[in-house]
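Working notes, structure below.
The values are calculated or read from the model by the stated rules, or taken from the named source; none is laboratory data. Keep in mind the model is a prediction, meaning the values are calculated, not measured. Backbone-built Cβ (ideal geometry, glycine too); neighbour counts: all protein chains shown.
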Amino acid sequence: MQLKDLLERLSPAELADLLAEYGLELQENADATAVAGLLASYQILGRAFFELDVFQLLILKWLVRQPGYEAPWSKLIDEIGDRVSPEYVVEELHDLRRWGLVDYRASDQRGFVTTFAEVASILPGRAIALADFLPTRSSEELRAMCSAIGFPKPPSLKDERLRAIVRALSDPAYCTALAGNLATPARALFDWIRARAGQVTLAELQRYPGGGAVAGDLAWGGYAAYYTSFYTTRNRKSEPLANLLQLGLVVPIVQIGGWYAIGFAVPEEVRVALEGGSLFDTDALLPPKLEPAEGARGELPNLTTLLRDVGHLLGFVGAGRCEWRQDGEPYARSLQALGKALRNPDKAYPALLWSLCVSAGLLERSRRAGEQFIPIDVVEASPPALFDRLIDGWASTAPPATQNPDMVGIIILRRLQALQLLGNLPPDTWVTKDSVEQYLHFQRPLLFPAPGPKSSGVTSAIEWPALRRLILAEGETPNGTAAVLVPEATQRLLADPATDQLDGLLPWEDTWVVQPDRSVIVPPNIHPQALLDLWGAAELEENQGASIFRLSGTSIAAALNRGIPADDLKQLLAKRSRTPIPATVERLIDDQGQRYGRIRLGPAQTYVRTDDPALLDELEHSRKLGALQLVRLAPDVAIIDGVAPSLALETLRKAGYLPVLDRGAKPVGGNGPVPGSPAFVRRLSNFFMQLMSQGEHASVMWSTGQQSRHAIVEPLDVWEGQLYARDANTGKNLTISLEMIADAVVADEVEAAR
Amino acid sequence: MAAGYRPELPLIVQADRTLLLEVDNPLYGECRDRLAAFAELRKSPEHVHFYAVTPLSLWNACAAGVTVESVIATLQDFSKYELPGNVLADIRDLMGRYGRVRLLRLGSGLALETDEPGLVDQLRRSAQIRPLLGEGGGGERALVDPAERGRLKQALLKVGMPVEDLAGYTEGAPFEIRLRDCDRLGRSFQLRDYQLDAVETFWAGGGPRGGSGVLVLPCGAGKTVIGLAAMERAATHTLILCTSIDAVHQWQREILDKTTIKAEDLGEYSGQHKEIRPITLATYQIMTTRGRGGASGFQHLDVFMREEWGLIVYDEVHLLPAPVFRITADIQSRRRLGLTATLLREDGHEEDVFSLIGPKRFDAPWKDLEAQGWIAPAICTEVRVPMPADQRMEYASAEARQQYRIAATNPTKLIALQGLLDRHRHDRVLVIGQYLDQLDAVAEQLEAPLITGKTPTKEREVLYDAFRRGEIRLLVVSKVANFAIDLPEANVAIEISGAFGSRQEEAQRLGRILRPKADGGQASFYAIVSQQTVDQDFSDHRQLFLTEQGYRYEIEDFVPAA
């Protein structure tokens, strides 16, 4: 039966529903063949498999083993027996039909159940069978297998050889005897593969305790992985894996058209011959029961804390506290610094918070120099809306580090399904974590692999750390059994994200308290926008529910350095303060504001000037600034040799001063050519010509060969590599070789007036 | 609205067991009183006070009969937000530990007892505790040498196993003491409510659960009187340790003024006198004088053991020197009372004070007493003066350690000081400073008497008395006047230089003017600092304790006439 046959039988409404499941719309005049063609690709039809439970996948696997992918209804019911009720089978089939994966008629009279070639061709985890694999082998290889199995006279035709092998290995007695006669190493390997649900990947096989003894070189492209060699090389018989392959007890798993094995499996015929039973015995047909975790205790997810810390992260980034790697991502040390400030002992927490904010679009890429991300405005967001945004963001993105593009979709599906399925757990009830993992595996086996033994070290596909922050509590029973609980309030938020109900979330507070000891007390449910603002002026000191910030000379200086004027800082504090701003705080800001800009730096190498000669004295004597080696040119001017203004600025700021770059202090040199080079001389020449045309002065730094000199000059002419200028201070005429000029900049009005 | 959110309530309970209490909330008073039973007031800035629920504070609460249920009920009754789960678990766990081991008297010795099988063996396995336990005693009991009582309690506290000390105290030689109803001038005298509360909390009915601990009250709140009341309760020979000879004399005056003790029963054990009487006053300095013949090389330390003291009072306990700490560990059978305004040790040894003298039994916020009129309201002002141009250069090029001295002794401060004195020409003013040459210059310029460490005691007394009588309205003093100098009439203090960033010194200096004024007037405290220098930075730090107590500093810029 073909998929189009099913589509033809569906009513228009059913067909529209089916297409809606795949996110498609029914086009006018589209016939069943066209629709089937649209669906029949792994990208479209394959999506459905991730929505199926264990039993539904077993039904499909059973159907693809049936001739023509179809069986009488009674055969399916007989095969399932009394494992589950027929009504449950119908329910499961109904769901499969909704996806267009099967058709059926549940009736003893002319009842049937069928799947389609399109489904069979892409069904994941389809059992590997000799009947599927052997036709791909050559007649000679099949002859060798016949000999290995023990046929004294192998049939002469390829098809007969094939059938003989299948018949022999499907015979329980013969197959059991064959396995029993294996040499010890081969027997150990066979048992090891069977113990792993009959399939192992190449990578797993490389970790087999027997190691290289299994099959020589198993590396990609190696002799063993090139699986054909197992059938053609006689002298490999002693290798356990080759032995098993040549007997047909194991077959390679090969991607279509591939030459290398990606894994090895016990074929279905051999499995049935050795184990007997039915495909429906291989896994659970009913969802496992969730086990109550009696007496479990654990911390409930605190969504208010999560939203508060989102505000902290936005503030941390907005205040320029984050350092960026060359690829534009934050340095791990920056996030660690944030984690420390947040007082959260979980080292993974800041990175999780970061990914939540990025995926929710609360941080976006910046175009401004020196910044990689900037926080977005969240003024209007209500607590439920912000929570919903975080959840949505998390569920619709994969971690940026996900290398394999195929995994991106899987991770997103996994997250969506985890939220949906966990949202259905009994509310406010502790259940064992194991039973939840089993439940998720049964419901979506392709997304949540069967949980392995805890000692295996394999990371769970369920992202517990993120879920713990977002929706559930993790805890332990008195005897140490891990347990989880989803609060009813969170379930309601998940079920109706548009709700304005504040269950589980506190309403925003929008005020803080500024105290005379320069602390700012911020309630736990403060609006994130308020935190975003406050980070710009103060440092987070405590974060234990309420957050306590500290205003200090350093924090105010940092705000001034980011261009926030002192008055704006006072206004920022006052607008949300429940109490008047204390005099001590106002004065702290005023003092720093007055200090700000008293030291000015500019290029021409780097100059430092100030209106207070004593301050320049202090800079000269400061040990912290020793590395700058200030050279005094005048009572109020010094130069720094070989240090860019930006670096000098940074050094002064680190030493506790509040310098600014001089207005218009854009050096001729910038980051460009080296002083003295032809390109630099050309640039200087143009610069002075332009100044002459505008009647402006220049601040020039040059070398006389023995010492550096600096002057504010009025350019008069540029001719044959010389600058002819008048010294604005002395009125003397100067002739300066352009090759000797270290740098020059437009002098501001104050300088020129001197 | 989310369950458990009650924004109208005054308390925020944090996961680290700190509590934030809003002062402006109508329920503030009630909440503060209930928190006092089990939480420790850490700081009390103007709008939000900080408490901490510590193991020690909970064990003290247990000792006072407070139950887990009442602690949790208080937090639940006042918390704006749902209580963090771990806080409830911690409180149950910590309070559950109290009383698991008890220290009891056994014949002439002591015994550590428990009801839990194996616990004594477990304690014996601790390297810190093993040497302090004697051999034998039986399964759930270990013998303890009485001399190790203090160290054992310290060690058990460190391993999180608070001992319930039921061994009681040595009663000491009896000596009857009565507080007078009127002082010697005939003025009515009785304990204020908070003083009574402090004494009762310390004394705890005279049983083994009381009788040792620290009382923290603001300067001017009458700590000496509380000490006298404790002595009345104990009615025994008492040793009082003070920071200075001035303080010894201060205590003597108070004792004679407010109790029935006669002068002949008062002894002074100091550099000048070596008298041991039923009530003996000694200085920390004499106790820590090194010499032959004494314990651990300290000549006079055996005074602690020589007499049958039933009570030892440690005045200004935050200044307790290390040798006295050590001897205090040996005298755990005597009742011990620590008194202080600022339990801040710049060396961070507050915990040792708690474990050896005893837990903090009482702590009254400064602003609460001010509101009740028991200490004078004070206006704190920082006056910022510029540096003269020539000094600015000197300051700029000086080594870091010299910079503070240059800034602190800025001569422009004297001009500003003169301006303040003009403003307060009718007041009683103390000018306080750190540097003697600066104080000399000030005294000379103002023609005012100067008291420093070099001033003979008698001369100091004469000057203090003259100040009290109003014959002198201005005194220039060095740090010798930081503590225990009772000058109730002083209403203005001007600090011209401080001991770098010492918070407790700033508080003590303010304390000199906090005695309530007869006319109900307010006190004025000025700190003159050189602007934009390290003097200003240190001043910021010095102010921290007072701002945490709820004081606000106004800031004035002083501009000298051209």
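Data for the structure
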quantity	calculated
The listed residue being within 14 Å of another protein chain (Cβ to nearest Cβ) and closer than 20 Å to B:ASP557 by Cβ, out of A:ILE521, A:ILE556, A:ILE548	A:ILE556
Flag for B:LEU166 being among the hydrophobic types (A, V, I, L, M, F, W, C) and farther than 16 Å from B:GLY358 by Cβ	no
Cross-chain or 6+ apart pairs with Cβ under 6 Å, the range A:475-487 first and farther than 15 Å from A:SER435 by Cα, then at pLDDT below 90 and surrounded by fewer than 17 Cβ atoms within 10 Å (Cβ to Cβ)	A:PRO478/A:GLY295; A:PRO487/A:ASP428
The listed residue being away from chain A (no Cβ under 14 Å), at positive phi and at pLDDT below 80, out of B:PHE500, B:PHE483	B:PHE500
Residue satisfying all of: in the range B:515-562; touching a Gly at 6+ places or on another chain (Cβ under 6 Å) and of a type in the set (Lys, Arg); farthest from the other protein chains (Cβ to nearest Cβ) among these	B:ARG515
Conditions (1) crowded, with 23+ Cβ neighbours inside 10 Å; (2) modelled with pLDDT of 90 or more; (3) of a type outside the set (A, V, I, L, M, F, W, C): number failed by A:PRO524	(1)
Number of the exception - B:GLU489 against (1) touching a Gly at 6+ places or on another chain (Cβ under 8 Å); (2) crowded, with 19+ Cβ neighbours inside 10 Å	(2)
Selection within the range B:3-60 - more than 10 Å from chain A (Cβ to nearest Cβ), of a type in the set (Lys, Arg) and part of a strand (DSSP E or B)	B:ARG42
Scope the range B:423-458; condition among the hydrophobic types (A, V, I, L, M, F, W, C) and surrounded by fewer than 20 Cβ atoms within 10 Å (Cβ to Cβ); matching residues	B:LEU436, B:ALA441, B:LEU446, B:ALA448
First in the range A:613-633 and acidic (Asp, Glu), second anywhere and buried (at least 17 other Cβ atoms within 10 Å of the Cβ) and assigned to a strand (DSSP E or B), Cβ under 6 Å, 6 or more apart	A:GLU620/A:LEU630
Candidates A:LEU178, A:LEU169, A:LEU182 - the one that is outside any helix (DSSP H, G or I) and in contact (Cβ under 8 Å) with a residue 60 or more places away in the chain	A:LEU182
Members of the range B:63-81 that are assigned to a helix (DSSP H, G or I), modelled with pLDDT of 85 or more and away from every other protein chain (no Cβ under 13 Å)	B:VAL68, B:GLU69, B:SER70, B:VAL71, B:ILE72, B:ALA73, B:THR74, B:GLN76, B:ASP77, B:PHE78
Candidate set from the range B:497-511 (those that are surrounded by fewer than 24 Cβ atoms within 10 Å (Cβ to Cβ) and touching a Leu at 6+ places or on another chain (Cβ under 7 Å)); member that is farthest from B:GLU399 (Cα to Cα)	B:GLN504
Search result, residues across the range B:25-43 that are over 22 Å from B:GLY65 (Cα atoms) and under 20 Å from the mean Cα position of the chain (by Cα)	B:ARG42, B:LYS43
Hey, B:LEU215 farther than 21 Å from B:ASP197 by Cα and in contact with a helix residue (DSSP H, G or I) (Cβ under 9 Å, 6 or more places away or on another chain) or not	no
Residue in the range A:309-325 that is at negative phi, within 14 Å of another protein chain (Cβ to nearest Cβ), modelled with pLDDT under 85 and under 32 Å from the mean Cα position of the chain (by Cα) present	no
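Rundown of residues vs (1) at pLDDT 85 or above; (2) touching a strand residue (DSSP E or B) at 6+ places or on another chain (Cβ under 7 Å), yes/no style:
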| residue | (1), (2) |
| --- | --- |
| A:ALA498 | no, no |
| A:ASP510 | yes, no |
| A:LEU532 | yes, yes |
| A:GLU542 | yes, yes |
| A:PHE549 | yes, yes |
| A:THR554 | yes, no |
